[in-house]
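Peer 1: One structure coming up, written as structure tokens, with questions to follow.
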Amino acid sequence: MTRPRGGFLRTAVDTEKGTPLRNDAGRRGCHGQPRLGDEVAEESGDRLAALDRASRERIRVPNVHPRPYDFEMSGELPTDGPAVEVVDLVKRYPKSPVNAVDGVSFSVPAGEVFGLLGPNGAGKTTTVGMLTTRVRPSDGHALVGGVDVVGDPVGARKQVAVVPQRSNLDRSISIRDNLVFHAAYHGVPARERLERADELLDQFGLLDRSGDKPDFFSGGQSQRVMIARALMHAPRVLFLDEPTTGLDPAARLFVWDRLRELRESDVTLILTTHDMDEAALLADRVAIMDHGRLLALDTPEALIDSLEGEGTLELAADLPADGAVLEALAGLSGVAHVEPVQMHTENGEAPPPADSQPLRVRLYLTGDAALLVAPAAAVLSEHGLALQDVKLGTPTLEDVFIDLTGRTLR
Amino acid sequence: MSAVAAPWVDRATEWRAFRAVLHRDLYVTWRELPAFLAQVILQPLFLLFVFGKVLGSLDLTRPGYADLLFPGLLALTSVLTAMQTLAFPLVAEFGWTKEIEDRLMAPMPTAFVAAEKVLFAIVRSFVATLIMLPVGVLILGSIPWRWSGLPLFVAGLFLGALVGAGFGLLMGTLVQPQRINLLFSLVFTPLLFTGCSQYPWPSLARLRWFQVVTAANPMTYVSESLRGALVPSVPHIPPWICLLVLVFAICVLMTVGVKGFYRRAID
């Protein structure tokens, strides 16, 4: 089955959500974010900044930066060179006809936040598994902090910490003991590990619960404990596997805040996610994975810029219109594609025929959306229509994924 | 800064990690001591009480039966405690709690994680068996004891703990979490009753087929070696055969068990 690339998601989201039309408007609903005031500004401006503003208004989070470690984990190791280097990495499971990871190569400089973005089953977790010595590569090689994960797994384990998708906290001991024993496994001196445990528990808002066992913790709290635990031994590279999947919006924002604080420290973050907001918000660079292969790798901005269209412009008029209007809009310079948008009724009844509704169209643009508002309004008024509403949109990482694969992320 | 490596960054880190994991296990055991004691002592205690005391008081067993039963129950405690210490936590940790992941990510070889489990199982097995000595005195009034049998006694207990740990490693990495109940019915119960803890092996000559069955259970050789150490007057398998079979069984169980452990630890 063939379908126009990109077009599918847009219409699908429109129909499913019945929200005004932009594909990411529907997604915002999923995340439980409030609709923010100035829509045009938000839609055309930095949506993530707005999201961030909202998060800080909703949850008061002290802005704590981890103090430098008093101890040096990696003194014996080269301090320059990439934090992670992967060359032609392959993982083939015995009974599977296809490779779970199929010749992936990338390099992550120290201090970077690197996002592996892709749908479930793309091979992200397997890639992280190989980098953290828990999955044996079938081919290729991987270095973490300059250490070969196959040749010297113990050396590699000194370099990394892992925050898994599901809680693997030690249920027999308190969360404070979880942190302290983890540090002991990694040889952190006794006094240092006690101090550091309290410090991290404080940063992660868990100090008052430090004596509780993990069984009593929610998903978001467990996630925080696991990130705190991972930081106990001052890893060079911190792997986070779907760090906010399944968390409620408040917990997600809290985790995002903590992770953004970590950018200020030296630790290299590698996070896997199928959430493009998370990738765009946190990652310096994003690798897009699908079917075990790396499809693209760049900064979120550059990936989005690589799309042909620069943005979308959505117009609503006061009256129904015929095909002539659509043709005229499509004829404007800078318009790649015009798509009428159907509104859903609130109670789920079948919508009235499109030509009896006031006109609503989305223009996919090759140029700057703002420059097309006036020409489009002029076209409408030539046909006796008045412009009622305008929404400017920018493409997202999801659009990049759709462009690369023809499928949505979820 | 990179030249000034902290003193704790070296190969000793691996052993430190090993000790820290062992410390964690001992710490948890210490904090859950009553539960640990109940888990390991209750079963042999009841067996001892019913078979050694109650049946004896009712004249349903011959005089002296308690003396041959007691070493057998020590063997049972030794093997089963080590096995339980490994099997159940391993099934849970690999199956659903995933707790073991943090230890597998510690800076030490994967084999160390398995070795720590085995060592911890031996420690718990020793503690449980030693507690049985005063318990035995309390219930039976006196227990058979020979200082000259001490080396064989210790060797028997040690190999018994290792056999139990080997079984535990095997079961813990083979059994699927949803089948954990089967572990009880298909493994524990047969082991418990075919290990010659309640009867000396040579006396089974009258029940030849069962004697063959029991010869296949490594626990039999633990029971028999402890009888050889504490009550040599009771007919028993010669100690050297017992120790030889046990060493062989341990080699097989550990090889397969560690292989299973690696399979679960690394994809």
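Since every read-out is calculated from the coordinates, none of them should be taken as a lab result. Small disclaimer: the values here were computed from a predicted structure and weren't measured. Reconstructed Cβ throughout: ideal geometry from the backbone, glycine too, with neighbour counts over all protein chains shown.
Peer 1: So how compact is chain B: Cα radius of gyration and Dmax in angstrom?
Peer 2: Both quantities, over Cα of chain B: 20.0, 79 Å.
Peer 1: Would you grab the residues whose amide H sits under 5 Å from the one on A:Val135? Only those 5+ places off in sequence or on another chain, please, with H modelled 1.01 Å from N.
Peer 2: A:Met130, B:Asp267
Peer 1: Round to the nearest 0.05 the FRET efficiency obtained for B:Leu26 and B:Phe184 when R0 = 30 Å and r is the Cβ-Cβ distance.
Peer 2: Values: r = 26 Å, r/R0 = 0.87.
With R0 = 30 Å, the Cβ-Cβ based efficiency is 0.70.
Peer 1: Then there's this: Considering only DSSP beta bridges with both partners in the stretch A:198-307, what is the antiparallel share in %, to the nearest 5?
Peer 2: So the antiparallel bridges in the stretch A:198-307 amount to around 50 percent.
Peer 1: Enumerate the calculated ³J(HN,Hα) couplings along the stretch A:81-90 in order (Karplus 6.51 cos²θ - 1.76 cosθ + 1.60, θ = phi - 60°), each rounded to whole Hz, writing x wherever the residue is Gly or Pro.
Peer 2: Rounded to whole hertz, the list is x, x, 6, 9, 9, 10, 10, 6, 6, 10.
Peer 1: Which of the lysines could a cross-linker span from A:Lys213 if the Cα-Cα distance has to be under 27 Å and same-chain partners fewer than 8 positions apart are dropped?
Peer 2: Cα-Cα hits under 27 Å: A:Lys158, B:Lys98, B:Lys117.
Peer 1: Let me ask something additional. According to a simple spin-label model (label point 7 Å from Cα along Cα-to-Cβ), what is the distance in nm between A:Asp152 and B:Lys53?
Peer 2: It works out to 6.1 nm between the two label points.
Peer 1: Continuing with the same structure: Enumerate the calculated ³J(HN,Hα) couplings along the stretch A:189-194 in order (Karplus 6.51 cos²θ - 1.76 cosθ + 1.60, θ = phi - 60°), each rounded to whole Hz, writing x wherever the residue is Gly or Pro.
Peer 2: x, 4, 5, 4, 6, 5
Peer 1: Let me ask something additional. Among A:373-386, A:115-128, how do they line up by average Cβ neighbours within 10 Å per residue, starting with the highest?
Peer 2: Result, highest mean first: A:115-128, A:373-386.
Peer 1: Using only Cα atoms, locate the centre of the stretch A:263-324 and the centre of the stretch B:229-267, then give the distance between them in Å, rounded to an integer.
Peer 2: Value for the Cα centre distance between the two parts: 59 Å.
Peer 1: Give the share of C-alpha pairs in each 10 angstrom bin for the stretch A:146-283, from 0 to the last occupied bin, in whole percents, shortest bins first.
Peer 2: Histogramming the stretch A:146-283 at 10 Å steps yields 12, 43, 35, 9, 0 percent.
Peer 1: Quick one: in the stretch B:70-137, what % of C-alpha pairs are over 18 Å apart?
Peer 2: 46 percent
Peer 1: Could you check the simple spin-label distance between B:Leu37 and B:Phe158, using points 7 Å along Cα→Cβ, in nm with one decimal?
Peer 2: 2.8 nm
Peer 1: Which residues does the label zone of B:Arg263 cover in the stretch B:70-108, counting backbone N under 18 Å from a point 7 Å along Cα→Cβ?
Peer 2: Taking a point 7 Å out along Cα→Cβ of B:Arg263, the residues of the stretch B:70-108 whose backbone N falls under 18 Å are B:87-88, B:90-96.
Peer 1: A:Asp284 to B:Phe248: FRET efficiency via 1/(1 + (r/R0)^6), r the Cβ-Cβ distance, R0 56 Å, to the nearest 0.05?
Peer 2: Values: r = 58 Å, r/R0 = 1.04.
Step by step, r from the Cβ atoms, then E = 0.45.
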